[in-house]
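The structure appears right after this line, and notes come after that.
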Ligand SMILES: [Zn+2]
């Protein structure tokens, strides 16, 4: 997500307390942390600690853990991908991952479709075509690894279901398309960028 508040900017929270440590994956910086600084609140009925706000010791951003041990903001789905050259594409992928933690599955699917269409056009597909045509274009031009080509049929079935009607996507639908999108982004951007770094001598 783009923000005018850069992730490198640290926050010096005032009046922090020591609280029992809790391990979680910080949704801001992606680190697995177990901070023991923040604040806790008690249940007014029995005065027992019931919920806490933890401050990540890596990035200093706050995370709320509710009485049912749920985390807000939740951790994004899947893994981040390095080497994506365009900021707008990076933002869209972040958005697709973040909407999962808010259970917005249809929104995540729509973000992934937009990402796949964008990549296909960048790789020579004609703009303004059907979503499935873009996936087929990526497959026919060997951007989809041979053992992953079964995905194309699966996505075709799903795309047909969603044609001409408003279809609310399930968590499984969203997880599948997001995993596929992540794989493709890694193949197309992250791995080539990583090897380029290795074979390019430092200036
Ligand atoms: Zn953090």
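For segment 64-78, check the following and say yes or no: at least one residue is more than 14 Å from the ligand (Cβ to nearest atom), on the phi > 0 side of the Ramachandran plot, in contact (Cβ under 8 Å) with a residue 40 or more places away in the chain and outside the structural domain of residue 117 (by TED's automatic domain parsing). Among the residues of segment 64-78, at least one is more than 14 Å from the ligand (Cβ to nearest atom), on the phi > 0 side of the Ramachandran plot, in contact (Cβ under 8 Å) with a residue 40 or more places away in the chain and outside the structural domain of residue 117 (by TED's automatic domain parsing), which makes the answer yes. If you check residue 52 against the conditions, is it free of Cβ contacts under 8 Å to residues at least 40 places away in the same chain and crowded, with 16+ Cβ neighbours inside 10 Å? Yes, satisfied. In segment 113-132 there is no residue matching the filter, namely being within 12 Å of the chain's Cα centre (by Cα), in contact (Cβ under 8 Å) with a residue 60 or more places away in the chain and within 22 Å of residue 157 (Cβ to Cβ).
For residue 83, the stated conditions hold: it is more than 16 Å from the ligand (Cβ to nearest atom) and surrounded by 15 or more Cβ atoms within 10 Å (Cβ to Cβ).
Just checking, how many residues over segment 18-30 are closer than 16 Å to residue 69 by Cα, within 12 Å of the ligand (Cβ to nearest atom) and in a loop (DSSP other than H, G, I, E, B)?
Residues that pass the stated criteria total 2.
Among the residues in segment 38-49, are any within 14 Å of the ligand (Cβ to nearest atom) and either in contact (Cβ under 8 Å) with a residue 24 or more places away in the chain or out of contact with any strand residue (DSSP E or B) (no Cβ under 9 Å at 6 or more places or on another chain) (or both)? Checked against the condition, which is being within 14 Å of the ligand (Cβ to nearest atom) and either in contact (Cβ under 8 Å) with a residue 24 or more places away in the chain or out of contact with any strand residue (DSSP E or B) (no Cβ under 9 Å at 6 or more places or on another chain) (or both), segment 38-49 yields at least one hit.
The values are calculated or read from the model by the stated rules, or taken from the named source; none is laboratory data. Computed from a predicted model, the values in this text were never measured in an experiment. Every residue, glycine among them, receives a Cβ derived from its backbone with ideal geometry; neighbour counts consider all protein chains shown.
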